[in-house]
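Notes follow once the structure below has been shown.
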Amino acid sequence: MATAHSRTAARLMVSPAVILLFLWMIVPLGMTVYFSFLRYNLLTPGTSFAGLDNYYYFLTNAAFWDALVNTITLVVGVLLITVFGGIGLALLLDQPMWGQGIVRVMVIAPFFVMPTVSALVWKNMFMNPVNGMFAHIAKALGFAPYDFLAHAPLLSIIVIVAWAWLPFSTLILLTALQSLDREQQEAAEMDGASTLSRFWYLTVPHLTRSITVVILIQTIFLLSVFAEILVTTNGGPGTASTNIPYLVYAQSLLSFDVGGGSAGGIVAVILANIVAFFLMRMIGKNLDA
Amino acid sequence: MGKITLTSVRKSFGEVDVIPSLDLSIEDGEFVVFVGPSGCGKSTLLRLIAGLEDTTSGSISIDGQDATDLPPARRGLAMVFQSYALYPHMSVKKNIMFPLKMAGMDVAEAEAKVANAAKILNLTNYLDRKPGQLSGGQRQRVAIGRAIVREPKAFLFDEPLSNLDAALRVNMRQEISELHQTLKTTMIYVTHDQVEAMTMADKIVVLNAGRIEQVGSPLELYRSPANTFVAGFIGSPKMNLITGAEAAKHSATTIGIRPEHLDIVADGPWQGVVGLSEHLGSDTFLKVAVAGMEPITVRAGGELNLHHGDRISLAPQAGKLHRFGADGKTLA
């Protein structure tokens, strides 16, 4: 069947889809690259060639380094919470209990709430220093209410984003736990392994592949967290909760600097690729075999 | 040492009695096989002895010590699982060493034990491989190796050969028997295959619906089955069980005759027509329809030239006829 002729035909058949997808990606990327070399501000008419000026200004902007550190803190913070929290929750949900089905659906529910909504709920109903639940609890216990979003903006955003992603990691790790062979556990039990060593020598190695998947997928999405920041802190106070996507947004749409924003976008793409490269090298080998 | 005694052990899952009160004694160094049809509770019984299931009532003692409430690890037994249950991310060496590591044994000593076990089981060249890179028979040997290094009081095997192909099964069967000769440790072996039971056991325990039907050496069970169940289960092809008028002639409800104890003669008491003949080379199995009786299986010589529709006459060998009463039990 797989003669040269049928292979050519197959290529021809799939080419419309491939070409469309390729254009879908390359046209916006090409335009962004093009804009990033232009002096292009929406407040001043006309454009002119700027060379590498946009990149120079973007990378030497003090806000860029803050944003870079914030981006990394956000990603690492959320990953830590979701991986460890996810393992814990998955272990709990794997225990036989009454109402297991309903509990599992409820645990997964946060993932279906869109980021803007969940962030607003957190902002107004929990973290608000006057009306928020946390403020009420603090007052009931005799403490002064804490203004989370003003005093610990990045941490608050990490909590909000982690809350939304915890179900995802829990779900993936739970399915992995359920595929753990029962006879292996029993064999280890007969071999004299305690609950803790069974967890360490059997469960953890069994979960590494799923943890890898969780880390890879989440990193991709966490690098581009935006909605949660926009509706809660607007990147502030100052640049305390500005990450790179938010900085690109601020540059191009708040300062109307399309050229600078495009340069920022390209920098973000390059950074994401660097992260992806190291991530794949570090933990991608877990996915082999 | 490895004497295991079960006293009125009972196991129920909710409402269902899987094992209604059962007594059994296993002597030190014996090779005991639990055999029975699937769902007869033989694996549950093994898991009760291992401690992987809790008894509902009754007691289990190992070497005279009450072990009913001991956790599996402290019973000093080792188990080989049907799926082998190897740890997939560990090398063969680490798999075999795992129980020793859990026991906190000195590394040098543990390595020596692993090397020794690997030598016994022909695994020395595979110590650095992962279980995924081994064949079924090799995995089986690793699982046995993991059991050997612990020097347990008894080995428990849960249908260990059912995942292997026929040729390998015969090999492994012999290897396990030889291992028993070398180690002289008590072994309890669960299978649904009566051939495995007959070939390996010192003592067979025939189970049916959680009850022990009969306990005895393979030949005892073959020669004098206690009831129709054991008679039909032990031996291949199955014993012919005949009811009705022919049985009444021998003043029994059922009579049994093994296929190999029927002779084809010129003028026997039973006249029949050959239905199916299976030529195996060494033997020929004939299905014979005799008027007024159930279809009869006959084991005859290999060079026999009989075919569908041929009329033959059969005679049971003297003294080989088994008589069973209305309750299925053997009549004296």
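Every test in (1) surrounded by fewer than 17 Cβ atoms within 10 Å (Cβ to Cβ); (2) touching a residue at least 60 places away in the same chain (Cβ under 8 Å); (3) within 14 Å of chain A (Cβ to nearest Cβ); (4) not in a loop (DSSP other than H, G, I, E, B) is passed by B:Asp17 save one, and that test is (3).
Consider the range B:269-321. How many of its residues are in a strand (DSSP E or B), of a type in the set (Gly, Ala, Ser) and touching a residue at least 24 places away in the same chain (Cβ under 8 Å)?
Of the residues in the range B:269-321, the ones in a strand (DSSP E or B) are B:270-279, B:283-290, B:296-301, B:311-316.
Subset that is of a type in the set (Gly, Ala, Ser): B:272, B:275, B:277, B:289, B:300-301, B:313, B:315.
From the residues that got through so far, the ones that are touching a residue at least 24 places away in the same chain (Cβ under 8 Å) too are B:272, B:275, B:277, B:300, B:313, B:315.
Summing the residues that are in a strand (DSSP E or B), of a type in the set (Gly, Ala, Ser) and touching a residue at least 24 places away in the same chain (Cβ under 8 Å) in the range B:269-321 gives 6.
Give the residues of the range B:40-62 that are of a type outside the set (A, V, I, L, M) and within 18 Å of the chain's Cα centre (by Cα), sorted by residue number.
Of the range B:40-62, the ones of a type outside the set (A, V, I, L, M) are B:40-44, B:47, B:51, B:53-59, B:61.
B:Cys40, B:Gly41, B:Lys42, B:Ser43, B:Thr44, B:Arg47 - these are the residues of the range B:40-62 that are of a type outside the set (A, V, I, L, M) and within 18 Å of the chain's Cα centre (by Cα).
If I ask for residues that are hydrophobic (A, V, I, L, M, F, W, C) and not in a strand (DSSP E or B), which ones from the range B:20-40 would you list? Step through it out loud before you land on a result.
Taking the range B:20-40 as the starting set, the residues that turn out to be hydrophobic (A, V, I, L, M, F, W, C) are B:22, B:24, B:26, B:31-35, B:40.
B:Cys40 - this is the single residue of the range B:20-40 that is hydrophobic (A, V, I, L, M, F, W, C) and not in a strand (DSSP E or B).
Between A:Phe58, A:Phe64, which is under 11 Å from A:Ser262 (Cβ atoms), out of contact with any Ser or Thr (no Cβ under 7 Å at 6 or more places or on another chain), touching a residue at least 12 places away in the same chain (Cβ under 8 Å) and assigned to a helix (DSSP H, G or I)? Result of the check over A:Phe58, A:Phe64: A:Phe58. Within the range A:159-186, being of a type outside the set (A, V, I, L, M), closer than 23 Å to B:Pro88 by Cβ, more than 10 Å from chain B (Cβ to nearest Cβ) and part of a helix (DSSP H, G or I) holds for A:Ser169, A:Thr175, A:Gln178.
Just one of the listed residues (A:Ala144, A:Ala135, A:Ala187) is without any contact (Cβ under 8 Å) to a residue 12 or more places away in the chain, of a type outside the set (S, T, N, Q) and within 30 Å of B:Gly51 (Cα to Cα), namely A:Ala187.
From the list A:Ile215, A:Ile220, pick out the single residue that is closer than 15 Å to A:Trp165 by Cα, surrounded by fewer than 17 Cβ atoms within 10 Å (Cβ to Cβ) and more than 14 Å from chain B (Cβ to nearest Cβ). Residue meeting the stated conditions: A:Ile220. When residues in the range A:195-207 are screened for being closer than 18 Å to B:Met90 by Cα and more than 8 Å from chain B (Cβ to nearest Cβ), 7 of them pass.
Give the residues of the range B:146-168 that are out of contact with any helix residue (DSSP H, G or I) (no Cβ under 8 Å at 6 or more places or on another chain) and farther than 22 Å from A:Ala187 by Cα, sorted by residue number. If the condition is that a residue be out of contact with any helix residue (DSSP H, G or I) (no Cβ under 8 Å at 6 or more places or on another chain) and farther than 22 Å from A:Ala187 by Cα, then B:Ala166, B:Ala167 are the ones that fit.
The set of residues from the range A:18-46 being within 14 Å of A:Asp257 (Cβ to Cβ) and either touching a residue at least 24 places away in the same chain (Cβ under 8 Å) or part of a strand (DSSP E or B) (or both) comprises A:Thr32, A:Phe35, A:Ser36, A:Phe37, A:Leu38, A:Arg39, A:Tyr40, A:Asn41, A:Leu42, A:Leu43. Among the candidates A:Thr203, A:Thr208, single out the residue that is in a helix (DSSP H, G or I), at pLDDT 85 or above, hydroxyl-bearing (Ser, Thr, Tyr) and surrounded by 16 or more Cβ atoms within 10 Å (Cβ to Cβ). None of the others qualify; the one that does is A:Thr203. When the range B:63-117 is limited to residues that are within 14 Å of another protein chain (Cβ to nearest Cβ) and part of a strand (DSSP E or B), the one that is surrounded by the most Cβ atoms within 10 Å (Cβ to Cβ) turns out to be B:Met79. Among the residues of the range B:239-265, just one is among the basic types (Lys, Arg) and at pLDDT 90 or above, namely B:Arg258.
Taking the criterion of being in a helix (DSSP H, G or I) and of a type in the set (Asp, Glu), the only residue of the range B:192-211 that qualifies is B:Glu196.
Filter the range A:118-132 down to the residues that are in a helix (DSSP H, G or I) and surrounded by 13 or more Cβ atoms within 10 Å (Cβ to Cβ) and list them by number.
In the first step, residues of the range A:118-132 are kept if they are in a helix (DSSP H, G or I); the result is A:118-126.
Result: A:Ser118, A:Ala119, A:Leu120, A:Val121, A:Trp122, A:Lys123, A:Asn124, A:Phe126.
If the condition is being loosely packed, with under 15 Cβ neighbours inside 10 Å and out of contact with any strand residue (DSSP E or B) (no Cβ under 7 Å at 6 or more places or on another chain), then the range B:292-332 contributes B:Gly292, B:Glu303, B:Asn305, B:Ala318, B:Gly319, B:Ala326, B:Asp327, B:Ala332.
Yes/no per residue for (1) of a type outside the set (Ser, Thr, Tyr); (2) out of contact with any Ser or Thr (no Cβ under 8 Å at 6 or more places or on another chain); (3) free of Cβ contacts under 8 Å to residues at least 60 places away in the same chain; (4) surrounded by 15 or more Cβ atoms within 10 Å (Cβ to Cβ):
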site: A:Leu74; (1), (2), (3), (4): yes, yes, no, yes
site: A:Gly77; (1), (2), (3), (4): yes, yes, no, yes
site: A:Val83; (1), (2), (3), (4): yes, no, no, yes
site: A:Leu89; (1), (2), (3), (4): yes, no, no, yes
site: A:Gln100; (1), (2), (3), (4): yes, yes, yes, no
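Per the conditions (1) within 14 Å of chain B (Cβ to nearest Cβ); (2) more than 30 Å from B:Ala73 (Cβ to Cβ); (3) not polar (S, T, N, Q), the sole criterion not satisfied by A:Glu189 is (2).
Counting the residues of the range B:152-173 that are within 13 Å of chain A (Cβ to nearest Cβ) and either without any contact (Cβ under 8 Å) to a residue 40 or more places away in the chain or basic (Lys, Arg) (or both) gives 1.
The values are calculated or read from the model by the stated rules, or taken from the named source; none is laboratory data. Quick caveat: nothing in here was measured; it's all calculated off a predicted structure. Neighbour counts run over all protein chains shown; Cβ positions are idealised from the backbone, glycine included.
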